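Novice: Sharing a structure with you now.
The values are calculated or read from the model by the stated rules, or taken from the named source; none is laboratory data. Since we're looking at a predicted model, the values are computed, not measured. So basically every Cβ, Gly included, is an ideal-geometry build from the backbone, and we count neighbours across all protein chains shown. Surface areas here come from the heavy atoms of the whole protein model, side chains and all, with no ligands, DNA or RNA. Shrake-Rupley method; radii C 1.70, N 1.55, O 1.52, S 1.80 Å.
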Amino acid sequence: MSTQLIDWDLALIQKYNYSGPRYTSYPTALEFSEQYGESDFLAAVARYPSRPLSLYIHIPFCHKLCYFCGCNKIVTRQGHKVEQYLDVLEQEIRNRAPLFANRQVSQMHWGGGTPTYLNKQQITRLNGILRQYFNFLPDAEVSIEIDPREIELDILDHLSAEGFNRMSMGVQDFNKEVQKLVNREQDEEFIFALIKRAKELGFRSTNIDLIYGLPKQTAESFAFTLQKVAELSPDRLSVFNYAHLPSRFAAQIKIKDHDLPSANEKLDILQETIGSLTKDGYQFIGMDHFARPDDELAIAQREGHLHRNFQGYTTHGDSDLLGMGVSSISMIGDTYAQNQKDLKAYYASVDEKGNGLWKGLAMTEDDCIRRDVIKTLICNFHLDFAPIEQAYGIKFAEYFAEDLKLLAPLAKDGLVTVDDQGVDVTGKGRLLIRNICMCFDVYLRQQARRQQFSRVI
């Protein structure tokens with residue numbers, strides 16, 4: 001795989017800068033339905049019984065509300081709520097684990113919320129339960145999201161002793177004014193100390209999250225943040241685009257529209273970010289992810305076997321993903337399954353049925369074919385038709401005749417090159433990979449037709 005650089009074409013970026021799915025799954029979560037039930041889940045578990053297992057554990061609690069956040073979280077100072085949550089989560093783990101008794105866990109990730117809301121005893125308790133009920137490989141990748149506020153430095157020593165070997169830390173922006181406006185003030189020195197300690201303890205990978213498009217951010221102010229990041233030198237970086245949707249996320253009402261950078265200013269920040277990080281030696285993985293060239297993600301992309309799931313890019317493409325805890329999502333067999341999003345509903349479901357299952361989707365063969373096409377494009381920026389044709393017994397050009405027509409204008413604009421063998425995403429197309437994938441998204445097409453139809457009526 002080439003590590004071709006991004007070719008920044010402002011006119012094309014502006015032309016194609018409309019909303020679309022992030023394709024952490026195809027079909028997307030919008031297609032999940034409550035028709036999907038436990039029998040579908042059990043059939044999915046039996047589908048690929050020898051696949052390794054990846055675990056995702058959702059810890060919803062936070063000490064403080066970050067105004068930009070769109071995650072499923074509960075802001076509380078009442079510690080007893082965590083004990084109650086762990087009791088229910090333990091029940092779910094105990095009931096789900098026997099279904100995977102013959103599987104080996106190659107990866108585990110704790111997300112949230114703020115997993116480090118848990119104190120040391122609670123971390124040990126939850127980790128102990130998981131290791132009691134699941135078979136972990138000795139070299140399993142075990143990662144956790146960290147909020148650098150409200151924790152002590154030695155929490156990393158504790159996590160390391162518990163088997164964690166990767167960490168991801170939300171920094172968002174090093175600029176004090178920006179931090180204040182989003183209610184996320186943090187100690188810069190402590191962030192540096194955490195990264196240093198993680199490296200001393202032998203954590204395999206450290207990831208930093210940044211957000212662009214926050215109030216009072218400018219290309220100049222964000223350059224300061226990027227300079228700090230260069231000093232921190234994390235293995236991976238996620239640079240997310242802030243989506244201001246106060247009607248959907250109530251806390252965002254606290255962020256004033258007039259403080260936000262304009263669409264063009266946001267593009268300036270993004271251009272500055274990509275230029276700065278690639279100059280510092282990071283490889284653009286795709287969407288909003290960067291990694292050092294010797295990082296597993298970068299290597300997997302160059303070798304053409306990168307994967308994508310609800311946590312973003314990953315090297316564990318051959319695993320089933322089991323999500324536990326409120327709102328967590330599983331990718332098992334050829335299905336997706338999501339737990340109840342509301343905490344009370346989750347508690348009631350686990351109490352009543354032993355699991356938190358709320359809704360999901362069992363994929364059709366067409367879903368599977370399109371999933372493989374979209375995943376290959378978004379991970380590798382290249383698609384060979386032959387493997388898809390062989391796997392599904394189709395002729396690509398015939399099966400995807402309508403899709404290739406939709407792709408033609410993008411090819412004309414220089415985002416992709418298409419021939420009889422496959423599709424190649426150009427340097428200009430890499431930033432617009434979602435638009436390219438949208439050409440193969442049949443649900444999006446039906447939705448557009450329905451909208452068109454209703455307007456006509």
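Novice: (1) among the hydroxyl-bearing types (Ser, Thr, Tyr); (2) modelled with pLDDT of 90 or more; (3) under 22 Å from residue 289 (Cβ atoms): which one isn't true of residue 50, the others all being true?
Specialist: (3)
Novice: With respect to residue 243, determine if the residue is in contact (Cβ under 8 Å) with a residue 60 or more places away in the chain and either open to solvent by less than 10 Å² (accessible area, probe 1.4 Å) or in a helix (DSSP H, G or I) (or both). Break it down stepwise before answering.
Specialist: Details: in contact (Cβ under 8 Å) with a residue 60 or more places away in the chain: yes; either open to solvent by less than 10 Å² (accessible area, probe 1.4 Å) or in a helix (DSSP H, G or I) (or both): no.
No.
Novice: Among all residue pairs at least 6 apart or on different chains, which show Cβ distances below 6 Å where the first residue, located in the range 328-356, is over 17 Å from residue 84 (Cβ atoms) and crowded, with 20+ Cβ neighbours inside 10 Å and the second is of a type in the set (S, T, N, Q) and at pLDDT 95 or above?
Specialist: Close Cβ pairs (under 6 Å, with a partner that is of a type in the set (S, T, N, Q) and at pLDDT 95 or above) amount to 328/339; 329/338; 337/330; 355/95.
Novice: Also, quick follow-up: Among the residues of the range 262-294, what is the count of those that are open to solvent by 10 Å² or more (accessible area, probe 1.4 Å), assigned to a helix (DSSP H, G or I) and under 28 Å from residue 305 (Cβ atoms)?
Specialist: So the answer is 4.
Novice: So which of 228, 216, 196 is open to solvent by 40 Å² or more (accessible area, probe 1.4 Å) and either assigned to a helix (DSSP H, G or I) or of a type in the set (A, V, I, L, M) (or both)?
Specialist: Details: 228 fails: open to solvent by 40 Å² or more (accessible area, probe 1.4 Å); 216 fails: either assigned to a helix (DSSP H, G or I) or of a type in the set (A, V, I, L, M) (or both).
Exactly one of 228, 216, 196 is open to solvent by 40 Å² or more (accessible area, probe 1.4 Å) and either assigned to a helix (DSSP H, G or I) or of a type in the set (A, V, I, L, M) (or both), namely 196.
Novice: Does the range 29-46 contain any residue that is open to solvent by 40 Å² or more (accessible area, probe 1.4 Å), touching a helix residue (DSSP H, G or I) at 6+ places or on another chain (Cβ under 9 Å) and within 21 Å of residue 438 (Cβ to Cβ)?
Specialist: Yes, the conditions are met somewhere in the range 29-46.
Novice: Hey, another quick one. Among the residues of the range 58-114, write down those that are outside any loop (DSSP other than H, G, I, E, B), open to solvent by 40 Å² or more (accessible area, probe 1.4 Å), touching a strand residue (DSSP E or B) at 6+ places or on another chain (Cβ under 9 Å) and at pLDDT 95 or above.
Specialist: 99, 104
Novice: Could you give every pair whose Cβ atoms fall below 8 Å, whose first residue belongs to the range 172-192 and is touching a residue at least 40 places away in the same chain (Cβ under 8 Å) and under 18 Å from residue 238 (Cα atoms), and whose second residue is of a type in the set (Phe, Trp, Tyr) and surrounded by fewer than 18 Cβ atoms within 10 Å (Cβ to Cβ), counting only separations of at least 6 or pairs across chains?
Specialist: 174/224; 175/224
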